[in-house]
Amino acid sequence: MTDASKPWADGKARRLTIARDQLHRASALLTLVLLIIGFAMASPAFLSVNNGLTVLLQTSVIGLLGIGLTMVIITGGIDLSVGSVLALSGVVSAMAVKAGLPVVPAMCAGVLAGAACGAFNGLVITRLRIPPFVATLGMMLIARGVALQLTGATPISQLGAGFGRLGNGALFRVVEMQPNGFPRVIFPGIPYPAILLLVVAVAATYLLRRRQIGRHIYATGSNEEAARLSGVNVDWTKMYAYTMSGALAGLAGNVLMSRLVTAQPSEGVMYELDAIAAAVIGGASLSGGVGTVAGTMIGAFIIGILRNGLNMSGVSAFIQQIVIGFVVIGAVWIDQVRNRR
């Protein structure tokens, strides 16, 4: 290939990649619509406002985890520790509240704890050259063990109404007091976790598309050696991606524990698989270099609606695990077929 033809070839490859990603997101969106139609036909209550809010609340945690994992997957890595980091961060926030710290600083402490776990993952991967699968598997055990040790494997309760505001509050909620003294909800409002997920998704999209670090993340996952020769600090880029994944896991932990108004050190088990599935269903490639936040959001809602719809249809939790397992396998298989093509 001559030098003159290289820009044309690179431009054509980029256009083909963009077209492929758009087609994949369109197919994922179609799958989401078909799931909604199918579950709505199976249960009229599926399209109710209350159930819609339930889906939003359930999806917000997986969505936050999925955004962080998307950044890691684009670099060509993986993070199996986000479920355990979620639990540890929630425990740290709850213990800070119990120690007398106000709710907001306490939750910031939980997010910082998650970011520290992610930074540790990045250090182990970039400095010790341990594969991401092994490094994050080790952190999954470490974070879970620390959470259980700090709490004595018992929940931390009585955290106050302020701690539950993030997970249970809503914007524009309208409540009317009835003559009998009991409140009646006229409009349930927009849940704070859904608003938080939207803000984080928009910020992450801007970072990946418009900021230099976003271009470096894609370059690292596409061809690490070429990125290094082009002047990209590959190790720092990976550190950034894993730290962001840990911080978002910490934020998700705050949301989940706030919903429960109790810090459960055993929460978050298998959440990493849902988050990975959301990212891959949305078009992220486990080989690196490919993925979008918008696609991950579609994948997260597919997982959330699938769980909610199966639950409303009376399917047992064990069968739901089997179905989600097949979804994960199918998503990875589709990714492998896409890469071969």
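The values are calculated or read from the model by the stated rules, or taken from the named source; none is laboratory data. Bear in mind that the values here come from a model prediction, so they are computed numbers and not experimental data. Cβ sites come from the backbone with ideal geometry, for glycine too, and all protein chains shown count toward neighbours. Please note that ligands, DNA and RNA were not included when accessible areas were found on the heavy atoms of the full protein model with its side chains. Shrake-Rupley method; radii C 1.70, N 1.55, O 1.52, S 1.80 Å.
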message = Can you tell me which of (1) in a loop (DSSP other than H, G, I, E, B); (2) free of Cβ contacts under 8 Å to residues at least 60 places away in the same chain; (3) not small (G, A, S) is the one V323 doesn't meet?
response = (1)
message = As an exercise: evaluate N223 against (1) open to solvent by 60 Å² or more (accessible area, probe 1.4 Å); (2) out of contact with any Pro (no Cβ under 8 Å at 6 or more places or on another chain); (3) farther than 15 Å from T75 by Cβ; (4) not acidic (D, E) and give the number of the one condition it does not meet.
response = (3)
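Find the residue count for the stretch 103-112, including only residues that are in contact (Cβ under 8 Å) with a residue 12 or more places away in the chain and open to solvent by 20 Å² or more (accessible area, probe 1.4 Å). Break it down stepwise before answering.
To start, the set of residues in the stretch 103-112 that are in contact (Cβ under 8 Å) with a residue 12 or more places away in the chain comprises 103, 106-107, 109-112.
Now narrow it down to the ones that are open to solvent by 20 Å² or more (accessible area, probe 1.4 Å): 103, 107, 109, 111-112.
Selection size over the stretch 103-112: 5.
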task = Scan the stretch 114-139 for residues that are surrounded by fewer than 21 Cβ atoms within 10 Å (Cβ to Cβ), aliphatic (A, V, I, L, M) and under 19 Å from A249 (Cα atoms) and jot them down.
result = A116, A119, L123, V124, V134, L137
message = List pairs: first residue in the stretch 176-197 and on the phi < 0 side of the Ramachandran plot, second residue open to solvent by 90 Å² or more (accessible area, probe 1.4 Å) and charged (D, E, K, R) anywhere in the structure, Cβ distance under 7 angstrom, at least six positions apart or on different chains.
response = E176/R184; Q178/R184; F187/R173; P188/R173
query = Can G160 be described as surrounded by fewer than 19 Cβ atoms within 10 Å (Cβ to Cβ), in contact (Cβ under 8 Å) with a residue 40 or more places away in the chain and either touching a His at 6+ places or on another chain (Cβ under 6 Å) or within 30 Å of G52 (Cβ to Cβ) (or both)?
reply = yes
request  = Please indicate, with yes or no, whether at least one residue in the stretch 251-263 is open to solvent by 10 Å² or more (accessible area, probe 1.4 Å), among the hydrophobic types (A, V, I, L, M, F, W, C) and free of Cβ contacts under 8 Å to residues at least 60 places away in the same chain.
outcome  = no
request  = Go through (1) open to solvent by less than 10 Å² (accessible area, probe 1.4 Å); (2) within 15 Å of the chain's Cα centre (by Cα) one by one and return the number of the condition F301 breaks.
outcome  = (1)
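Kindly indicate the residue of the stretch 63-96 that is surrounded by fewer than 24 Cβ atoms within 10 Å (Cβ to Cβ) and in contact with a Phe, Trp or Tyr (Cβ under 9 Å, 6 or more places away or on another chain) and also farthest from R129 (Cα to Cα) among those meeting that condition. Quick ask: steps written out before the conclusion?
As a first pass, look at the stretch 63-96 and keep what is surrounded by fewer than 24 Cβ atoms within 10 Å (Cβ to Cβ): 76, 78, 80, 95-96.
Filter once more, keeping what is in contact with a Phe, Trp or Tyr (Cβ under 9 Å, 6 or more places away or on another chain): 78, 80.
Numbers: I78: 14, L80: 17 Å.
Here the residue is L80.
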request  = May I ask you to list the residues in the stretch 26-62 that are surrounded by fewer than 20 Cβ atoms within 10 Å (Cβ to Cβ), of a type outside the set (A, V, I, L, M, F, W, C) and within 30 Å of Y242 (Cβ to Cβ)?
outcome  = S27, T31
task = Select, from L34, L57, L53, the only residue that is modelled with pLDDT of 85 or more and either within 27 Å of M140 (Cα to Cα) or among the charged types (D, E, K, R) (or both).
result = L57
task = Considering only the stretch 160-181, state which residues are out of contact with any strand residue (DSSP E or B) (no Cβ under 7 Å at 6 or more places or on another chain) and either assigned to a loop (DSSP other than H, G, I, E, B) or charged (D, E, K, R) (or both).
result = G160, A161, G162, F163, G164, R165, G169, P179, N180, G181
query = Out of (1) open to solvent by 80 Å² or more (accessible area, probe 1.4 Å); (2) without any contact (Cβ under 8 Å) to a residue 40 or more places away in the chain; (3) in contact with a helix residue (DSSP H, G or I) (Cβ under 9 Å, 6 or more places away or on another chain); (4) assigned to a helix (DSSP H, G or I), the odd one out for H216 is which?
reply = (1)
ask   = Which residues, counting only those in the stretch 163-172, are buried (at least 16 other Cβ atoms within 10 Å of the Cβ) and either under 15 Å from A94 (Cβ atoms) or among the basic types (K, R) (or both)?
value = F163, G164, L166, G167
ask   = Based on what the data block shows, is V290 open to solvent by 10 Å² or more (accessible area, probe 1.4 Å), over 29 Å from L47 (Cβ atoms), modelled with pLDDT of 85 or more and among the β-branched types (V, I, T)?
value = yes
